[in-house]
1. Is there a quick way to get the dipole size of segment 401-513? I mean about its Cα centre, with the Cβ of Lys and Arg at +1 and of Asp and Glu at -1; what is the value in debye to the nearest 20?
2. Name the shape class, rounded, prolate or oblate, that the alpha-carbon gyration tensor gives for segment 96-169, where a ≥ b ≥ c are the square roots of its eigenvalues, rounded holds for a/c under 1.5, and otherwise prolate holds if a/b is larger than b/c and oblate otherwise.
3. Is segment 392-549 rounded, prolate or oblate when judged by the Cα gyration tensor, a ≥ b ≥ c being the square roots of its eigenvalues, rounded requiring a/c under 1.5 and prolate requiring a/b larger than b/c?
4. Report the one residue of Ala139, Ala316, Leu211 whose Cα lies farthest in the direction of the positive end of the charge dipole of the chain (charges on C-beta: Lys and Arg +1, Asp and Glu -1; origin at the Cα centre).
5. Taking the alpha-carbon centroid of each part, what is the distance from segment 259-313 to segment 438-499 in angstrom?
6. What is the Cα radius of gyration of segment 329-484 over 2.2 N^0.38 Å, N being its residue count?
7. Quick one, which of [x] 53, 25, 24; [y] 37, 29, 23; [z] 46, 29, 23 is the actual semi-axes √(5λ) of the Cα gyration tensor in Å calculated for this model?
8. So what is the relative contact order for the chain, in percent, with contacts set as C-alpha pairs under 8 Å and at least six apart?
Amino acid sequence: MTATTKSKPIPKPTVEASLIRANLRRTDVLLKPQKSACHSPKINIRDRCKACVNKKREGCRFQSIRAFTADDKEVPHFANFDGPDAVVKYKVPKKTGQASHREAVLQTICKALTKLIKDDARQIAKHDSPLIRRRAPFANMRHVCDSCLTSIFNLHYMCSICALDLCVDCYSKNWKLKPNAHLNRCSYRRIHTREHMVPVVKYQAATLKMLEKQCDDMEPINSPDPVTDQSEFLTTDASSITLETFRHCWQQGKPVVVTNVMGEKSRMLWSPSTFLENHGGATTEVIDCKTRAVNESSVKTFFEAYIDPSLRPGYADGAPAVLKIKDWPPKENFELRFPDLYHDFMEMLPIKEYCTVDGYFNLSNRLPVEYLPPDLGPKMFIAYGASEGEQGIGTTNLHCDMADAVNVMCHASKTSDHAAAVWDIFPYESLMAIRTFVTKLAEERRKKIRDPIHDQWIYLNDVLLKRLEKEHGVKSWRIYQNPGDAVFIPAGCAHQVSNYHSAIKCAYDFVSPENVGRCLDITDQFGRVRREDALQLKNTLLFAWSNLY
């Protein structure tokens, strides 16, 4: 008796788009909305959504929006949700702050939010209103475009067959071009067309009109002039920094350095011996800064070589490896894994109005829990020293973040005449020139890259920095960091770091009102290289305004 294999069911042909379009215009039928997931035994439906086909945890995408008539289970209809939208339904507790601070935040973000709402309205106006559907608010998931992974603000397009979600930009691409061929892939190896896509919105038109009017009634704060002088940035002691002093510099898009943020108790808490004693038995991923190879190591092995360089791989050959632990802990909550370090770190941070979980000027804390706010830290970055410093390899290659960040050096094995680490932070305005320069370097080295900055593939040593200045007139802010120094990096500023000596650093990301325009720009860049938009800045802006107004 020969064994037989169960054949996969042959998928039925895709429903004709013209039939679905016709159903969108019909108002004379009694609809029965889909109340269960596509895979539920309670219903017998021919086409399942992507989530149900792939058994994803996000939940059924067609539930509550797809509908059928009693006599037709083949050609779907799509029902309009008429309940409250997320702005009305999901509330975030208001933060305590001065009236002047509230006014400053609203005046700073109103221009960006107005543009989002008006751009969205222009796209919606391109469609006949009978074709548009509104869906129920999402909960416990990040609603992103399935193609570019950028968070979806309001209008988007859902495949009527597989529930693929596309943002406006991806929907508008030329689907016939080879790089965009994936856009027409439907479930079960079928093809859907642009005509199969249903325009869907998330918010009531009245809600967005109200927010737009509120923005129009607000006097916006003009953006600062582009940075032309890289020689000046604020360096001040923790005992003398004030919110007003910080904001004056931060509004100009410049980095800020605050020294002496740590006390003696903190220095002992962040020592390598503490990690050996309390976490030596744990394992973590370790990255080779030169080769970028990733290997698993015990915390004990890593910190023993942190303390004694002779234990590092390659030391006997005169080329000790420069290893680092990045984003530690990678998946666990920092507060739960390192409660003592968490509370000490959050306590030492200067300008808490910006860079703490409840900071009034930190917009990220206005995103409802139902939207799964991103984990902005803290995270640790621990790296061995590179003896060549800025002449050699970087412990953090050139890259650019979509959020603002504060980075504190909590320990260093020692300090040299300069410092324990050297930073190069570039003005946001120089980003395009840097992209051009690094792209040229990749071509010269025959290096295949997707993106010159976001691939994080190169460290610009002093030779390359001089060439960058000569060819493009671009200079960095050169910052030297020692234990107890907090470096504030504005969103959108490309930067890199090289350790002179082994160091333990801890960083926290935040979203400041002043840099939302830059954050949106980097979000778009991330979408082009398909990096998930965990920050959800467009949604953050919407809920921050609603929370503050």
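The values are calculated or read from the model by the stated rules, or taken from the named source; none is laboratory data. Keep in mind that what you see is a predicted model, and the values were worked out from it rather than measured. Virtual Cβ from ideal backbone geometry, glycine too; neighbours counted across all protein chains shown. All accessible areas refer to the heavy atoms of the entire protein, side chains included, with ligands and DNA or RNA removed. Shrake-Rupley method; radii C 1.70, N 1.55, O 1.52, S 1.80 Å.
1. With only Lys, Arg, Asp and Glu charged at Cβ, the dipole is about 460 debye.
2. Prolate, because a/c is 1.5 or more and a/b exceeds b/c.
3. Oblate.
4. The listed residue farthest towards the positive side: Ala139.
5. 25 Å
6. Its radius of gyration relative to the 2.2 N^0.38 Å reference: 1.20.
7. Label of the calculated value: [z].
8. 18 percent
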